[in-house]
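Quick notes on the structure that follows.
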Amino acid sequence: MIDFHCHLDLYPDPISVADQCVAEGVHVLAVTTAPSAWRTSRELLEREGRVRVALGLHPQLAHLRATETAIFEAEISGAAYVGEIGLDGGPEYSDHRAVQAKVFATLLAACARVGGRIMSLHSRHAAEAVMDAIEAQPGAGTAVLHWFTGNADDLSRAVGLDCWYSVGPAMLTSKKGRALAARMPRDRILTETDGPFAKVQNETLYPWHAQNAVEDLSRVWNEPIAEVESQLTANLRALVARHKSSS
Ligand code: MN
């Protein structure tokens, strides 16, 4: 099982959740929201072969943490995974668009300087701007668009840019989310939960609830669950293999 976008450090008891991921056999990409928190999160939460902790600066915090781009730049050579980074075009962040764009461009440039990274990207209400930024920095690595909510044209453009996608139970409960997932290339999809932020029927998602997304994909693709699982496992292997030299 794969949870490629989870805020492990934000559960009330992150260490026991990390341990339970090992017990349940979940591969987790634990994204973080501030570069200053990365080292501690990594020390506490990384679990060999199971839980990896990504270096991130969340776009919703960009205006508060802009100076931490320097920490990101200092740490990037030791980080195989990056996230959560990106842009948020929601009206509540409209005053911070310029700083968000500047921070995101700085982070992408840092990734490019070290040969590219696997990046979990936030693109809420900002699909076009995120793709403009990716296009402007082609050496930044592999963009994994998490919980993508763009329209069909945005998705076509993302496919042209060779983006990957992580889809979760919250996204796949909506008709629009399922329609987008159906159009994503099957060899570019991973599952996620976005826990503990994301909820389904008011229940907080944990990494092992990525299994719900596997079941949803089985219906969307009209394929048996075992077939979906082997596709997702092959996808994760292919993604890691393409960045082997950078970790
Ligand atoms: Mn997130």
Notebook entry, point to check: Restricting the stretch 61-91 to residues that are within 16 Å of the ligand (Cβ to nearest atom) and assigned to a helix (DSSP H, G or I), which is surrounded by the fewest Cβ atoms within 10 Å (Cβ to Cβ)?
Noted result: LEU61
Notebook entry, point to check: How many residues does the stretch 202-227 contain that are of a type in the set (Gly, Ala, Ser) and either surrounded by 19 or more Cβ atoms within 10 Å (Cβ to Cβ) or assigned to a loop (DSSP other than H, G, I, E, B) (or both)?
Noted result: 2
Notebook entry, point to check: Condition test on LEU44, is it within 14 Å of the ligand (Cβ to nearest atom), at pLDDT 95 or above and not in a loop (DSSP other than H, G, I, E, B)?
Noted result: no
Margin query: Can you tell me which residue is farthest from the ligand (Cβ to nearest atom) among those in the stretch 147-201 that are under 16 Å from the mean Cα position of the chain (by Cα) and assigned to a strand (DSSP E or B)?
Written below: ILE189
Check: When the stretch 9-33 is examined, which residues are found to be surrounded by 17 or more Cβ atoms within 10 Å (Cβ to Cβ), farther than 19 Å from LEU239 by Cβ and among the aliphatic types (A, V, I, L, M)?
Finding: VAL17, ALA18
Checklist line | Residue within the stretch 50-60 that is over 19 Å from SER166 (Cβ atoms) and among the aliphatic types (A, V, I, L, M) present | finding: no
Next item on the list: Could you please let me know if MET131 is in contact (Cβ under 8 Å) with a residue 12 or more places away in the chain, part of a helix (DSSP H, G or I) and under 30 Å from LEU180 (Cα atoms)?
Entry: yes
Checklist line | Every residue from the stretch 137-177 that is open to solvent by 60 Å² or more (accessible area, probe 1.4 Å) and touching a helix residue (DSSP H, G or I) at 6+ places or on another chain (Cβ under 7 Å) | finding: TRP147, ARG157
Margin query: What pairs come out if I take residues in the stretch 220-246 that are closer than 16 Å to MET1 by Cβ and pair them with residues that are acidic (Asp, Glu) whose C-beta lies under 7 Å away, six or more apart or interchain?
Written below: ILE225/GLU215; ASN235/ASP187
Checklist line | Residues satisfying the stated conditions in the stretch 111-128, i.e. away from the ligand (no atom under 16 Å from the Cβ) and either part of a strand (DSSP E or B) or touching a residue at least 40 places away in the same chain (Cβ under 8 Å) (or both) | finding: VAL114, GLY115, GLY116, ARG117
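The values are calculated or read from the model by the stated rules, or taken from the named source; none is laboratory data. No experiment lies behind these values; they were computed from the predicted model shown. No Cβ is skipped: glycine too gets one built from the backbone with ideal geometry, and neighbour counts run over all protein chains shown. Please note that ligands, DNA and RNA were not included when accessible areas were found on the heavy atoms of the full protein model with its side chains. Shrake-Rupley method; radii C 1.70, N 1.55, O 1.52, S 1.80 Å.
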